[in-house]
1. Somewhere in the range 56-65, is a residue modelled with pLDDT of 80 or more and basic (Lys, Arg)?
2. Give Gly37, Gly81 a once-over and let me know the one that is of a type outside the set (Asp, Glu), modelled with pLDDT of 85 or more and either in contact with an Asp or Glu (Cβ under 6 Å, 6 or more places away or on another chain) or at positive phi (or both).
3. For the range 1-26, which residues satisfy the criterion of being at pLDDT 70 or above, touching a strand residue (DSSP E or B) at 6+ places or on another chain (Cβ under 9 Å) and surrounded by 10 or more Cβ atoms within 10 Å (Cβ to Cβ)?
4. Before we move on, is Tyr74 exposed (fewer than 10 other Cβ atoms within 10 Å of the Cβ) and either of a type in the set (Phe, Trp, Tyr) or at pLDDT 85 or above (or both)?
Amino acid sequence: MTSFTRLVSSIRSAYNNINPSTLTGAIDIVVVRQEDGTLRCTPFHVRFGKLGVLRNQQNKVYITINGNPVEDLYMELGEAGEALFVEEETVN
């Protein structure tokens, strides 16, 4: 029984020590065309673990839909590996 307790304790300790910055993941997106022709989508999230991203300050994430690249649309990586849309500001 002591061996089982140590095993469970080791698994719990390993789970608690997972660093979120090393995790990678994304969720699916559902897009629906509205009656007026516009598109609406569910919220989405994507993150690249630090093990897969060495220099996040200059990395861009390009978007593809059904394997087709979308021109002029990309995301940039934040400090924790999260991908964010960047809107360019115009100066008046």
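1. Yes, that holds for at least one residue.
2. The unique qualifying residue is Gly37.
3. The answer is Thr24, Ala26.
4. no
The values are calculated or read from the model by the stated rules, or taken from the named source; none is laboratory data. Just so it is clear, the structure is predicted and the values come from calculations on it, not from any experiment. Don't worry about glycine lacking a Cβ; one is built from the backbone with ideal geometry, like all the others, and counts go over all protein chains shown.
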